[in-house]
Amino acid sequence: MSAAGPILVLSVLLVPAGSALVLAALPGYRVAARLNVLASLTTFLVAFGLFFARPAPGRFLIVDDVNVVFIVLNTFVAFTTSMFSASYIAHELEIGRLTPTYLRFYHAMYQALIGAMNLALVANNIGLIWVAVEIATLTTVLMVGIYRTREALEAAWKYFILGSVGIGFALFGTIIVYLAAQPVAGEGLNAMEWTVLVRESASLDPALLNLAFVFLLLGYGTKVGLAPLHAWLPDAHAEGPTPISAVLSGLLLNVALFALLRFKMVMAGNPSALAPGPLMITMGLTSLVFAGFMLYRRRDIKRMFAYSSIEHMGIIAFAFGMGGPLANFAGLLHMTMHSLTKSAIFFAVGHIAQAKGTQQIAAIRGLTQSHPVLGWGLVLGVIAIAGMPPMGVFMSEFLIVSSTFAREPLLAVPLVGGLLVAFGALLYRLHGLAFGDIHGNTTPIEASYLPMFAHLGLVLVAGIYIPLPAVQWFQHVARLLG
Amino acid sequence: MDSVAFDVAHLLAGGIVLLSFLLLYQDRIFGLLNVFALHAFVLSLSVAWQAFIQGAPHLYITAAIALCFKAIVIPVALHRIVLRLGIERTIETVVGIGATMLVGMALVALSIVVMLPVTVASESLAREDLAFALSTVLLGLLLMVVRRYAVSQIIGFMALENGLVLAATGAKGMPLVVEISVAFSVLIAFIVIGIFLFRIRERFDTVDLEALDRFRGERP
């Protein structure tokens, strides 16, 4: 079995890359959409195989306890989103918002994005992580602008500029990490290898590491969407095709945060370096409280859920900033739950916006009557994301709040305050969207419900019972994160 | 460390920072493009000098890329785009030139204050190179902030990238992977931006970003 490991990890990268090339050349959109689903499924199955056959860590690629579940989660959501995307784009083509040529481009970019995100997750070289995040950014910029309306172009431009500045800072941070590692690990590739950095972390120059971490936090933090660097996020989510919003929220934000976690592990190994906690706690709380209040003023349904993503990324950054086994455990769980829930919500929202022909919240009412399946799907999703009890998000938020109360009761006040503000906003908006008199179009729409309910089902199950191996894995990684 | 080698490296890196200041007060778009070409040219000299004193031949490739793409191809192409879009007018700045220069000086002071104390253990060349590089990065950022036109923002972004290349080459023995990728990212970025510019031009009659800013998605 051990021989299968390297093949598996290469396939996780090469299947999306190869499919991107094929899809770019393939004219028929129906075939392309199916091939997109098939390629995503293959990648998912291959990634799943990594649980059983893991390659030895190499100079460039590594599959360890920390990233293996993220790879599987990443490919799983990519697969379900490709199913959603197939029915979504069929409608977009029908109403003429996209043309077949653009669809070819869209599918190729989708696979390129998946490949780049997988690369960022399995990379063992801090330069390679940076390259992968950069490629992922560029592909999403192109996808956000694909409708070519005034708003879409503005969103893409803003995303591009802010994303580039962020990625520039991240590179500067990476260079400083290399400078810190060079006297210890020697010149060349060794000093950029993440496993070497973690092993030698105690002997790296703490002053350089501190400086590097500030740049990395600003750089990758821009991509995570932490306030005050979040300005691109709502626009990019609202103006791009909805499958891309789902992948952005559910996956790309996680990948950027994951890159940050890799560096946090290096910091954690050096006792005299600055503790990354307070910085992450501050940015996390700011994002949470700010996004919580901003949720009230949204008029566009996709923008609203984009702000909700900022809120949840804030919660996760806060949890990792708190550190310690319990808070890290909760943070990891919350990353997984948010990823599944938010993409399910975007699946629902995508079809709702298509059915109603608008994204304006004021024009959407009474969904549970006009489109019962979509409406109740949205209700379930919002209940989950707001953190109501039976769902998995409740569980992780509960863990974060209780561990904060136990250790830093004062920090728990703004945390709980922010959570309640966001909770109120989401339920208030949900009431208008899902119930009341029917507004707008009531014609039924061809939608794929399977991905949405599969995600929500997983979130529900996770809220009630998490299997022991999963709990053990989370605990193990939580300890590694320090 | 040979003192001549040190002085020349210093001179070139300092020259890049000086040119960044020149970029800040250009009030014509073609002037901006020309200064940027010079900026990239000095960068390529600096990288080549690093290749020479570090005995790292692969850095010559980075220098060549900086010279060909950033000092020649990109300015020429942008020149054409500007002509084609018909925006060869005065650049409108958000903040006055004087204030911008003052902020720029503060940023340079900031990067020296930040970089020099923490890099005491490193070689003196790497230290000061890094301080210069950070200044260039921050000045590029400032340029992006104070200009309204998309073209000037691109220049600001590329000046920022030049600072990154300076930092990467100053770090002794940094693997080739990264330098090539930096160069590539600039190239890709340029293509992307080019596409965007054409699209923006196609759709609207201006590449003034303020015109794009009018619609925020939040007004009913």
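The values are calculated or read from the model by the stated rules, or taken from the named source; none is laboratory data. Given the structure is predicted, the values throughout are model-derived calculations rather than measurements. Ideal geometry is used to build each Cβ from the backbone, glycine not excepted, and the neighbour counts take in all protein chains shown.
Out of the residues in region B:148-157 that are assigned to a helix (DSSP H, G or I) and more than 10 Å from chain A (Cβ to nearest Cβ), which is nearest to residue B:37 (Cα to Cα)?
Applying the first criterion (assigned to a helix (DSSP H, G or I)) to region B:148-157 yields B:150-157.
If we keep only those that are more than 10 Å from chain A (Cβ to nearest Cβ) as well, we get B:151-152, B:155.
Numbers: B:151: 14, B:152: 13, B:155: 10 Å.
The qualifying residue nearest to residue B:37 (Cα to Cα) is B:155.
Please verify whether residue A:187 is assigned to a helix (DSSP H, G or I), facing chain B (nearest Cβ under 10 Å) and modelled with pLDDT under 85, treating the condition exactly as stated.
No; evaluated as a whole, the condition is false for this residue.
Any idea which of A:285, A:226, A:274, A:279 is assigned to a loop (DSSP other than H, G, I, E, B), touching a helix residue (DSSP H, G or I) at 6+ places or on another chain (Cβ under 8 Å), surrounded by fewer than 24 Cβ atoms within 10 Å (Cβ to Cβ) and among the hydrophobic types (A, V, I, L, M, F, W, C)?
Details: A:285 fails: assigned to a loop (DSSP other than H, G, I, E, B); A:226 fails: surrounded by fewer than 24 Cβ atoms within 10 Å (Cβ to Cβ); A:279 fails: assigned to a loop (DSSP other than H, G, I, E, B).
From the options A:285, A:226, A:274, A:279, the qualifying one is A:274.
Restricting to region A:355-390, name every residue that is in a loop (DSSP other than H, G, I, E, B) and touching a residue at least 12 places away in the same chain (Cβ under 8 Å). Outline the logic, then answer.
Applying the first criterion (in a loop (DSSP other than H, G, I, E, B)) to region A:355-390 yields A:357-359, A:364, A:366, A:371, A:387-390.
Residues satisfying the conditions are A:357, A:358, A:359, A:364, A:366, A:371, A:387, A:389, A:390.
Here are some conditions: (1) within 16 Å of residue B:18 (Cβ to Cβ); (2) more than 15 Å from the chain's Cα centre (by Cα). Residue B:39 meets all but one. Which one does it not meet?
That leaves (2) as the condition not met.
Is region A:167-184 home to any residue that is surrounded by fewer than 22 Cβ atoms within 10 Å (Cβ to Cβ), without any contact (Cβ under 8 Å) to a residue 40 or more places away in the chain and in a helix (DSSP H, G or I)?
Quick first cut of region A:167-184, residues surrounded by fewer than 22 Cβ atoms within 10 Å (Cβ to Cβ) only: A:183-184.
From what's left, without any contact (Cβ under 8 Å) to a residue 40 or more places away in the chain: A:183-184.
Of the ones still in play, those that are also in a helix (DSSP H, G or I) are A:183-184.
Checked region A:167-184: at least one residue is surrounded by fewer than 22 Cβ atoms within 10 Å (Cβ to Cβ), without any contact (Cβ under 8 Å) to a residue 40 or more places away in the chain and in a helix (DSSP H, G or I).
Are any of the residues in region A:196-207 within 22 Å of residue A:68 (Cβ to Cβ), within 7 Å of chain B (Cβ to nearest Cβ) and either of a type in the set (D, E, K, R) or under 18 Å from the mean Cα position of the chain (by Cα) (or both)?
no
Tell me the residue from A:421, A:459 that is closer than 22 Å to residue A:297 by Cβ, modelled with pLDDT of 90 or more and of a type outside the set (Gly, Ala, Ser), please. Spell out the reasoning first.
Working: A:459 fails: closer than 22 Å to residue A:297 by Cβ.
Answer to the check: A:421.
Being surrounded by fewer than 22 Cβ atoms within 10 Å (Cβ to Cβ), part of a helix (DSSP H, G or I) and not aromatic (Phe, Trp, Tyr) narrows it down to one of A:23, A:45, so name that one.
On the way: A:23 fails: surrounded by fewer than 22 Cβ atoms within 10 Å (Cβ to Cβ).
Just a single option satisfies the conditions, and that option is A:45.
State all residues of region A:357-379 that are buried (at least 23 other Cβ atoms within 10 Å of the Cβ) and more than 15 Å from residue A:429 (Cβ to Cβ); if no residue qualifies, say none.
A:371, A:374, A:377
Name the single residue, out of those in region A:425-438 being crowded, with 17+ Cβ neighbours inside 10 Å and out of contact with any Ser or Thr (no Cβ under 6 Å at 6 or more places or on another chain), that is farthest from residue A:369 (Cα to Cα).
As a first pass, look at region A:425-438 and keep what is crowded, with 17+ Cβ neighbours inside 10 Å: A:425-426, A:429-430, A:433-434.
Next, only the ones that are out of contact with any Ser or Thr (no Cβ under 6 Å at 6 or more places or on another chain) stay: A:425-426, A:429-430, A:433.
Values: A:425: 22, A:426: 20, A:429: 17, A:430: 14, A:433: 11 Å.
For region A:425-438, the residue satisfying everything is A:425.
Would region A:145-162 turn up any residue that is farther than 22 Å from residue B:139 by Cα, in a helix (DSSP H, G or I) and more than 10 Å from every other protein chain (Cβ to nearest Cβ)?
Scanning region A:145-162 turns up at least one residue that is farther than 22 Å from residue B:139 by Cα, in a helix (DSSP H, G or I) and more than 10 Å from every other protein chain (Cβ to nearest Cβ).
Exactly one of (1) more than 14 Å from chain B (Cβ to nearest Cβ); (2) within 30 Å of residue A:84 (Cα to Cα); (3) of a type in the set (Ser, Thr, Tyr) is unmet by residue A:245. Its number?
Against the list (1) more than 14 Å from chain B (Cβ to nearest Cβ); (2) within 30 Å of residue A:84 (Cα to Cα); (3) of a type in the set (Ser, Thr, Tyr), residue A:245 comes up short only on (1).
Can you tell me which residues in region A:208-227 are free of Cβ contacts under 8 Å to residues at least 60 places away in the same chain and more than 13 Å from chain B (Cβ to nearest Cβ)?
Here is the first cut: in region A:208-227, the ones free of Cβ contacts under 8 Å to residues at least 60 places away in the same chain are A:208, A:211-212, A:215-216, A:218-219.
A:216, the sole residue that qualifies.
Checking residue A:402 against (1) surrounded by fewer than 17 Cβ atoms within 10 Å (Cβ to Cβ); (2) farther than 30 Å from residue A:467 by Cα; (3) at pLDDT 90 or above, only one condition comes out false. Which one?
All conditions pass for residue A:402, except number (2).
Can you find, within region B:96-147, the residue that is nearest to the chain's Cα centre (by Cα) among those that are at the interface with chain A (Cβ under 9 Å from one of its Cβ atoms) and modelled with pLDDT of 90 or more?
Of all residues in region B:96-147, those at the interface with chain A (Cβ under 9 Å from one of its Cβ atoms) come to B:114-115, B:117-122, B:126, B:130, B:133-134, B:137, B:140-141, B:144.
Next cut, modelled with pLDDT of 90 or more only: B:133-134, B:137, B:140.
Numbers: B:133: 10, B:134: 11, B:137: 7, B:140: 5 Å.
That would be B:140.
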